[in-house]
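Colleague: Handing you this structure, nothing more for now.
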Amino acid sequence: MNINEITHDLKLKGNTKSLKDKFENLAKEAKQIGTQAQQSSKSSSSPSIKPTGRSKDGRNI
């Protein structure tokens, strides 16, 4: 292996680590957003909305 190959290999490893770190941070952020969304939907005090009218087969809903 010459110096250029070694340098190239090190750059690739550095880029891979950087991308891995970015990906892990995004995954953590997505998990937090999902958790917040679940909590806000659970704690919603508005009553559940029910459809009104008739279904396709004519029954009252």
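Colleague: I'm checking my understanding of the structure. Among residues of the range 1-12 that are loosely packed, with under 10 Cβ neighbours inside 10 Å and either of a type in the set (A, V, I, L, M, F, W, C) or in a helix (DSSP H, G or I) (or both), which one is modelled with the lowest pLDDT?
Modeller: 1
Colleague: Would it be correct to say that residue 40 is assigned to a helix (DSSP H, G or I), at pLDDT 90 or above and not β-branched (Val, Ile, Thr)?
Modeller: So residue 40 fails the test.
The values are calculated or read from the model by the stated rules, or taken from the named source; none is laboratory data. Small disclaimer: the values here were computed from a predicted structure and weren't measured. Please note: Cβ atoms are built from the backbone with ideal geometry, for glycine as well, and neighbour counts cover all protein chains shown.
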